[in-house]
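**Student:** Mind looking over this structure? Questions follow.
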Amino acid sequence: MFHWRINTFLIIAIVFSSCDAGGGGGYIAGFVDLRSIGMKVTPQKSGDILSGEYSPVILSFDTEMRKEETENILQINSDTGAVTGDRFWKGNQLYFVPSPPWNAGTRYALNLSGTVYSTDGRELRLERYISFFVINKSEAPVLEWFSPADGESVETGGLRMELRFSRPMERLSVEAVFAVEGVGEKKFEWSNDDRVLKVTTEKTLLPWTAYHWSLNDSAKSREGVPLAKKISAQFSTDLDKLVPQVLRVFPAILSEGRWLPTGGNVEEGLGPGQGIVVEFNKLMGENVLRSLRFEPDLAGRTETLSDKSIVFVPSRDPEPETAYTLIVSADTKDPGGLKLGEDYRVTFIPDIPFLKVLSFNVGDVAIDFNSDSGVQIPLASVDQEVLRFTIRFSLPFDDEAKKNTALLISLSPYFPGTLDSPALRSVTWLSDDLLRMEWERVKAGSADEAHFYRLLIPGGKGGINNGGGMYLKEDQVLYLEAM
């Protein structure tokens, strides 16, 4: 009995001496407040699913808490790290709203570790761990396969990519974050229940270039679950390593609708009416038809001859005795965009002669005609004031050219100035290269007075032409003494 009384006395003494210490927190009317702090958590247990992407995590207390200390113990993490968001109070409830929003299907971990205090001084020690999901527990989609593979070499004929996912994907979320550098506008085509995506472009890719692409992890499955991780890779347009080159340039002749090699070389063997063939070492792109130019300029058109060759067809024959340079531009490309890299040049002098007058015949007298000599004054036999002569040319004339030639050749009085102008009486082509002409009112001279007439065969581009583009280098003039 004595022992019990001593213990009771000690307990009462402790209580009363504490009351005398000043009435701090944790006491009610001089007694210790031993009530526990009640708390509920949303989500309540591991495996719970929050309903929306902004659904709050809530700590609900049954008393007013010290706010700052309580807020600090609330930590939420995911596989990607700490989750950020806004913390605020509604009465005795602490709300956490994520920013950015929750991701569907992602596992989150709520950690409550530490001691919190109510405003009346009571404390609550917490060690709680709750894993939860948002919207659903669907698996995160995975990019299972893609083409071109990382580091693969491809051709340049436009982007051709394919991506295969483990889950049906939400199209817009994928297309919005799929990026490829420098390919222009992309076209997306989905198949296999939105598990396969094909990405194409019309723009030709640059040759020998590394292209980088990426797919951000904000791409989502149809259930709203983001991609497991960001994907990035690259491919190179260096599959074709053969640089285009000009193999040869040669003249060709058109026969039955086909251009056939003449067997000669272009440097010295390009004849009248012939085309110029440029042959490459590989299939070329469309711009090859615009790749040729000439110095000096040579008008004409360029046609495709084969996959690897083109033919230039002059509008008219090149100028005789003129040096031309054919230039194939350095920017000429194959279909993959590979360029020549430098201009290809070849200089040639056409094997196209000037038209020449070979001989001049009056009656039975034939006079050789040398265009390089000076003025010639042959004798001309006149019968009844009619002068007859023939002219032989070095090349044949076509029918239209024959008509024009007769109109261009002229005979005029030279001395004395009182002579009447001759008139053309008749024109006859004895062959394609032999012209016969008769002129009236040509008066023969006498011993006292010589009569001279000037015969002009005009040369140059505006002069006579054989119809195949050949013309006299210069005017041909004969001074005829009428006898």
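The values are calculated or read from the model by the stated rules, or taken from the named source; none is laboratory data. Keep in mind that this is a model prediction, so the values were computed, not measured. Glycine also receives a Cβ, built like all others from the backbone with ideal geometry; neighbour counts cover every protein chain displayed. The protein model used for the area step is the full one, side chains on, heavy atoms only, and it has no ligands, DNA or RNA in it. Shrake-Rupley method; radii C 1.70, N 1.55, O 1.52, S 1.80 Å.
**Student:** Averaged per residue, what accessible surface does the range 65-186 expose to a 1.4 Å probe, in Å²?
**Tutor:** Per-residue value: 52 Å².
**Student:** Going 7 Å from the Cα of Leu283 toward and past its Cβ, which residues in the range 315-349 have a backbone nitrogen under 17 Å from where you end up?
**Tutor:** So the set is 333-339.
**Student:** Something else now. Two decimals is fine: what is log10 I(q)/I(0) at q = 0.09, 0.13 Å⁻¹ for the chain, from a Debye sum with one equal scatterer on every Cα and no solvent?
**Tutor:** The Debye formula, applied to the Cα set alone, gives -0.86, -1.15.
**Student:** How large is log10 of I(q)/I(0) for the range 185-254 at q = 0.20, 0.24 Å⁻¹ when the intensity is taken from the Debye formula with one equal scatterer per alpha-carbon?
**Tutor:** For the range 185-254, the Cα-only Debye profile gives -1.06, -1.22.
**Student:** Given the pairs Lys186/Lys241; Lys241/Lys339; Lys187/Lys282; Lys90/Lys137; Lys203/Lys333; Lys198/Lys241, which are separated by over 19 angstrom at their Cα positions?
**Tutor:** Too far apart for the 19 Å limit: Lys186/Lys241; Lys187/Lys282; Lys90/Lys137; Lys198/Lys241.
**Student:** Express in % the proportion of alpha carbon pairs of the range 425-483 at distances exceeding 18 Å.
**Tutor:** Here the tail beyond 18 Å accounts for 52 percent of pairs.
**Student:** Using only Cα atoms and rounding to the nearest 10 degrees, what angle (0 to 90) does helix 2-19 make with the longest principal axis of the chain?
**Tutor:** Here the helix axis deviates by roughly 50 degrees.
**Student:** Could you please report the charge total around Gln234, scoring K, R as +1 and D, E as -1 over all other residues with beta-carbon less than 14 angstrom from its beta-carbon?
**Tutor:** In short, -4.
**Student:** Still on this model: With a cap of 15 neighbouring Cβ atoms within 10 Å, and only residues DSSP puts in a loop, list the trypsin sites (Lys or Arg not before Pro) found in the range 222-297.
**Tutor:** Those satisfying the criteria are Lys229, Lys230, Lys241.
**Student:** Further question on the same structure: Tell me the Rg and the Dmax, in Å, that the Cα atoms of the range 288-391 produce.
**Tutor:** 24.0, 79
**Student:** List the longest stretch of the chain that has no exposed loop site; here a site is one of the GluC sites (Glu not before Pro) assigned by DSSP to anything other than H, G, I, E or B, with at most 16 other Cβ within 10 Å.
**Tutor:** Formally, the longest exposed-site-free interval is 65-138.
**Student:** Extent of the range 129-171 along each principal axis, from alpha carbon coordinates, in Å, largest to smallest?
**Tutor:** 53, 22, 11
**Student:** Leaving out ligands, DNA and RNA, what percent of the accessible area of the chain is carbon and sulfur, probe 1.4 Å?
**Tutor:** Accessible surface attributable to carbon and sulfur in the chain totals 49 percent.
**Student:** If you don't mind, another one. If you average 1/r across every pair of different Cα atoms in the range 379-452 and take the reciprocal, what Kirkwood value do you get, in Å?
**Tutor:** 13.5 Å is the Kirkwood radius here.
**Student:** Could you give me the radius of gyration and the Dmax of the range 30-85, taking only the C-alpha atoms into account and expressing both in angstrom?
**Tutor:** Cα only, the range 30-85: 14.9, 51 Å (Rg, Dmax).
**Student:** Just subtract the alpha-carbon distance of Lys403 and Leu358 from 0.36 nm times their residue separation and send over the number in nm, one decimal.
**Tutor:** 14.2 nm
**Student:** Compare the Cα positions of Ser78, Gly182, Ser381 along the charge dipole of the chain (+1 at Cβ of Lys, Arg; -1 at Cβ of Asp, Glu; about the Cα centre) and return the one farthest towards the positive end.
**Tutor:** So the residue we want is Ser78.
**Student:** While we're looking at this one, here's another question. Considering every Cα-Cα pair within the range 259-334, what fraction, in whole percent, is farther apart than 15 Å? Before the final figure, lay out each step's value.
**Tutor:** Details: 1556 of 2850 pairs.
Counting pairs separated by more than 15 Å, the tail of P(r) holds 55 percent.
**Student:** Something else about it: Give me the angle, in degrees from 0 to 90, between the Cα long axis of helix 399-408 and the longest principal axis of the Cα atoms of the chain, rounded to the nearest 10.
**Tutor:** For helix 399-408, the angle is close to 60 degrees.
**Student:** Points 7 angstrom from Cα along the Cβ direction at Trp89 and Leu260: gap in nanometres?
**Tutor:** Each label point is offset 7 Å from its Cα along the Cβ direction, giving 10.4 nm.
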